[in-house]
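Worksheet: the structure to be examined is printed underneath.
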Amino acid sequence: MNTAATVRTGATIAATLYTVVLLLLGLFPSEFRYLFAYIPAVVGYGVPVFDKWAWHWPSIHRFTGRPWVAGTWRVALSPSPESHIPGGGNRGRSPRT
């Protein structure tokens, strides 16, 4: 599992456990005075949402420092005139010969 997936999973698990504890204690979000206790849970669920989808949204993307890499990328590679590629290429001998 890569680092981003680990952070998303950890944030989701922590937010879920926090929400369950609040509900078991009888602190329901329908009561206004307990509504603010759920802010950490909302932030915990917001981490994976932002990391997976929200940073792509145009209104949010303007404020993030993430590069825009969507779309098709096409490139043509050519060796430098100063490169010293052997006559048979730079792969070397084929392992089957």
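Coordinate-derived values only; no laboratory data. Because the structure is a prediction, the values reported are computed rather than measured. Note that each Cβ is placed from the backbone with ideal geometry, even for glycine, and that neighbours are counted across all protein chains shown.
Key figures for this structure:
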item: log10 of Debye I(q)/I(0), alpha-carbon scatterers only, for the range 3-61 at 0.12 Å⁻¹; result: -0.35
item: Principal-axis tilt of helix 3-24 within the chain, Cα atoms, nearest 10 degrees; result: 10 degrees
item: Mean separation of Cα contacts under 8 Å (6+ apart) over length of the chain, as relative contact order %; result: 23 percent
item: Label-point separation, residue 83 to residue 7 (7 Å along Cα→Cβ), nm; result: 3.5 nm
item: Sites residue 27 and residue 53 - FRET efficiency at Förster radius 35 Å, r taken between beta-carbons, to 0.05; result: 0.75
item: Whole-Å semi-axes of the ellipsoid equivalent to the range 38-94 (Cα gyration tensor, √5λ, descending); result: 47, 15, 10
